[in-house]
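Chemist: Below you'll find the structure I mean.
Bear in mind that the values in this text are calculations on the coordinates, not laboratory data. Not measured: the values here are computed from a predicted model. Please note: Cβ atoms are built from the backbone with ideal geometry, for glycine as well, and neighbour counts cover all protein chains shown.
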Amino acid sequence: MKRIFDIEGSLNSFLTVIYQIMVVNVLTIIFSLPIITMGSAISAGYQLYSEQDTRPINLKRFVECFKASLKIGLVLTMIHLIIGFIMIQLVFLTVGTPFQFLSLLILSFVALVCMNTLLVTARFKLNLLECLKFSLVLTMRYTGFFCLSLAALVVSYLVPIFLPKLMFLWFFLGIGLPMLLHVKIFDYCLSRFQHIIKEGATN
């Protein structure tokens, strides 16, 4: 019983993770209020998760990450908004046609690539073209895994719409939890990808 409440115990570890999710969630929402800075805010949240074992998750570190990713984050946000607008128009144009399902698949894939660009930006120091290229390659190779991230994010966005009573809970966990899941899936896929590359280099 004492081990459960110990500093290194499972309860303390669980509460620490919940606290980290809440911090990332609230800060990401606040810093995303100007929609144009949404990409930078999400990228900063991703970076905090990526280094959670070595650096603290707090406001100071979030602001540092936000400033570091501000320039490329703004560019990516603009690209995402433009692509999103075009893809939504395409979906509306194909409603009721045999191409509707195909357009939805394309929209989902594009959304996956866009999600990964923000995580790649947080993880690696790449220029815009390299970021887009690497995100596209990784998404194409592990689309199935990243679909889990997209599904979690979509469900999260639907909660305040269809379950407004859970809005308070969503404000503290709704975005941070899917982001954490995305980071874990990304790490797994990246590890497999790097292993394949190493095997190819040795052969």
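Chemist: Checking SER13 against (1) among the polar types (S, T, N, Q); (2) without any contact (Cβ under 8 Å) to a residue 24 or more places away in the chain; (3) under 19 Å from LYS125 (Cα atoms), which single condition isn't satisfied?
Modeler: So the condition that SER13 fails would be (3).
Chemist: Can you name the residue in the range 21-34 that is buried (at least 18 other Cβ atoms within 10 Å of the Cβ) and out of contact with any Gly (no Cβ under 6 Å at 6 or more places or on another chain) and is also nearest to LEU76 (Cα to Cα) among such residues?
Modeler: Kept after step one, since they are buried (at least 18 other Cβ atoms within 10 Å of the Cβ), are these residues of the range 21-34: 21, 23-25, 27-29, 31-32.
Checking the rest, the ones that are also out of contact with any Gly (no Cβ under 6 Å at 6 or more places or on another chain) come to 23, 27, 29, 31-32.
Values: VAL23: 24, LEU27: 19, ILE29: 18, PHE31: 16, SER32: 14 Å.
Selected residue: SER32.
Listed here are the residues, each with its yes/no results for (1) among the small types (Gly, Ala, Ser); (2) touching a Pro at 6+ places or on another chain (Cβ under 8 Å); (3) under 22 Å from LEU27 (Cβ atoms); (4) not in a helix (DSSP H, G or I).
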{"position": "MET87", "(1), (2), (3), (4)": "no, no, no, no"}
{"position": "PHE109", "(1), (2), (3), (4)": "no, no, no, no"}
{"position": "SER156", "(1), (2), (3), (4)": "yes, yes, yes, no"}
{"position": "LEU177", "(1), (2), (3), (4)": "no, no, yes, no"}
{"position": "ASP187", "(1), (2), (3), (4)": "no, no, yes, no"}
{"position": "ARG192", "(1), (2), (3), (4)": "no, no, no, no"}
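Chemist: Something else now. Taking the options VAL155, VAL113, VAL63, VAL137, name whichever one is out of contact with any Phe, Trp or Tyr (no Cβ under 8 Å at 6 or more places or on another chain) and farther than 27 Å from MET22 by Cα. Talk me through it step by step, then tell me what you get.
Modeler: Details: VAL155 fails: farther than 27 Å from MET22 by Cα; VAL113 fails: farther than 27 Å from MET22 by Cα; VAL63 fails: farther than 27 Å from MET22 by Cα.
From the options VAL155, VAL113, VAL63, VAL137, the qualifying one is VAL137.
Chemist: Name every residue in the range 133-150 that is farther than 11 Å from LEU190 by Cβ and touching a residue at least 24 places away in the same chain (Cβ under 8 Å), in order of residue number.
Modeler: THR139, THR143, PHE146, CYS147, LEU148, SER149, LEU150 - these are the residues of the range 133-150 that are farther than 11 Å from LEU190 by Cβ and touching a residue at least 24 places away in the same chain (Cβ under 8 Å).
Chemist: Against the definition (more than 20 Å from VAL120 (Cβ to Cβ), crowded, with 17+ Cβ neighbours inside 10 Å and under 15 Å from the mean Cα position of the chain (by Cα)), how does SER149 come out, yes or no? Even if it seems obvious, please write down each step before you answer.
Modeler: Values: more than 20 Å from VAL120 (Cβ to Cβ): no; crowded, with 17+ Cβ neighbours inside 10 Å: yes; under 15 Å from the mean Cα position of the chain (by Cα): yes.
When the stated conditions are applied, SER149 does not pass them.
Chemist: Looking at THR37, is it crowded, with 20+ Cβ neighbours inside 10 Å and in contact (Cβ under 8 Å) with a residue 24 or more places away in the chain? I'd like the intermediate steps shown before the answer.
Modeler: Values: crowded, with 20+ Cβ neighbours inside 10 Å: no; in contact (Cβ under 8 Å) with a residue 24 or more places away in the chain: yes.
In short, no.
Chemist: Is it the case, given these coordinates, that MET115 is under 27 Å from GLY144 (Cα atoms), of a type in the set (A, V, I, L, M) and either surrounded by fewer than 15 Cβ atoms within 10 Å (Cβ to Cβ) or in contact with a His (Cβ under 9 Å, 6 or more places away or on another chain) (or both)? Give the steps one after another, and end with the answer.
Modeler: Values: under 27 Å from GLY144 (Cα atoms): yes; of a type in the set (A, V, I, L, M): yes; either surrounded by fewer than 15 Cβ atoms within 10 Å (Cβ to Cβ) or in contact with a His (Cβ under 9 Å, 6 or more places away or on another chain) (or both): yes.
Against the criterion (under 27 Å from GLY144 (Cα atoms), of a type in the set (A, V, I, L, M) and either surrounded by fewer than 15 Cβ atoms within 10 Å (Cβ to Cβ) or in contact with a His (Cβ under 9 Å, 6 or more places away or on another chain) (or both)), MET115 qualifies.
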